[in-house]
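One structure below.
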Amino acid sequence: NAGVMQNPRHLVRRRGQEARLRCSPMKGHSHVYWYRQLPEEGLKFMVYLQKENIIDESGMPKERFSAEFPKEGPSILRIQQVVRGDSAAYFCASSPPGIAGFTDTQYFGPGTRLTVL
Amino acid sequence: DQQVKQNSPSLSVQEGRISILNCDYTNSMFDYFLWYKKYPAEGPTFLISISSIKDKNEDGRFTVFLNKSAKHLSLHIVPSQPGDSAVYFCAASRYNQGGKLIFGQGTELSVKP
């Protein structure tokens, strides 16, 4: 009964490179969320996706960041032209279908720790 | 604008005693609240939740209390065990606008043998 899977667990990039973070939700879950945790802070919501749809991206920076959850395969969080301030832990969570539009318990993956040199 | 606040960055408790972790929120539209526990280098683990139609929810050693008029919730752990040592986050959402969880800054609990 695998939980939420994220890879890579650690990612090092130089300024200006691209970072791709992957998330496979729990079996049977169709909702995916991405959160970012900066050092000494709580988790901050970034984006909420269902298969092939972005439901809420109110927490995503307007530039350089994008997310997708294709019909097949994992959800991808993509950061273009990374800067030092992007260094953080990025967590993915998933939840079951539930009642459309209603909050359900979110289960988190182990996170990807991005370091930008 | 910090809508969910955990004002105690750390808490130390003796094994066997009660641990009480507190959380305050400012948005009266929040109606669903959750507590997560997090170990270093791991993702948050769901502990317990409560909706605003209740004022208490219990699961084993964990009990969450909600005081809507004070916009305050607390997590009680009884009895505390050394394995409970972790960072605890409270989170809030609007139930009918599913998805976004707003997290507090976390409280680091240390349970001493």
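Please treat every number below as a calculation from the coordinates, not as lab data. Quick caveat, the model's predicted, so the values are computed rather than measured. Cβ sites come from the backbone with ideal geometry, for glycine too, and all protein chains shown count toward neighbours.
About its Cα centre, the dipole of chain A is roughly 500 debye, where the only charges are +1 on Lys and Arg Cβ and -1 on Asp and Glu Cβ. If you take all other residues with their beta carbon under 10 Å from the beta carbon of A:TYR90, and give Lys and Arg +1 and Asp and Glu -1, the sum is +1. If both residues of a DSSP beta bridge must be in chain A, then about 90% of such bridges are antiparallel. Cross-link check: pairs A:LYS27/B:LYS54; A:LYS71/B:LYS54; A:LYS62/B:LYS68; A:LYS44/B:LYS54; A:LYS71/B:LYS56; A:LYS51/B:LYS5 evaluated at a Cα-Cα cut-off of 28 Å; pairs beyond the cut-off: A:LYS27/B:LYS54; A:LYS71/B:LYS54; A:LYS62/B:LYS68; A:LYS71/B:LYS56; A:LYS51/B:LYS5. Couplings for segment A:7-14, taken from phi via the Karplus curve 6.51 cos²θ - 1.76 cosθ + 1.60 with θ = phi - 60°, read 8, x, 6, 10, 9, 10, 9, 8 Hz in order; Gly and Pro are left as x. Quick check for you: which residues of segment A:36-65 have the amide N under 14 Å from the point 7 Å beyond the Cα of A:ARG113 toward its beta carbon? So the set is A:37-40. Database remark: amide H of B:GLU42 closer than 5 angstrom to no amide H (H placed geometrically; neighbours at sequence offset of 5 or more, or on other chains; Pro and chain starts carry no H). Within the set of other residues whose C-beta is less than 10 Å from the C-beta of A:ILE76, count the net charge using Lys and Arg as +1 and Asp and Glu as -1. Value of the local net charge: +2. Tell me whether chain B comes out rounded, prolate or oblate; compute the Cα gyration tensor, take square roots of the eigenvalues as a ≥ b ≥ c, and use a/c under 1.5 as the rounded threshold. Verdict is prolate for chain B.
If one computes the Cα centroid of segment B:11-41 and of segment B:76-105, what distance in Å separates the two points? Measuring centre to centre over Cα atoms gives 5 Å. Rounded to the nearest 5, the antiparallel percentage of DSSP beta bridges internal to chain B is 90%.
Projecting the Cα positions of B:ILE77, B:TYR39, B:PHE103 onto the charge dipole of chain B (unit charges on Cβ atoms of Lys, Arg, Asp and Glu, taken about the Cα centre) puts B:PHE103 furthest along the positive direction. Entry note, segment B:2-87: relative contact order of 33 percent, from Cα contacts under 8 Å with a spacing of 6+ residues.
The local environment of B:VAL111, defined by Cβ-Cβ distances under 10 Å, has a net charge of 0 under the rule Lys, Arg +1 and Asp, Glu -1.
Run the reach check for B:LYS112 against aspartates and glutamates, Cα to Cα strictly under 15 Å, same-chain hits fewer than 8 apart removed. What comes back? Of all the aspartates and glutamates, those that pass the test against B:LYS112 - Cα under 15 Å, at least 8 places apart if same chain - are B:GLU15, B:ASP84.
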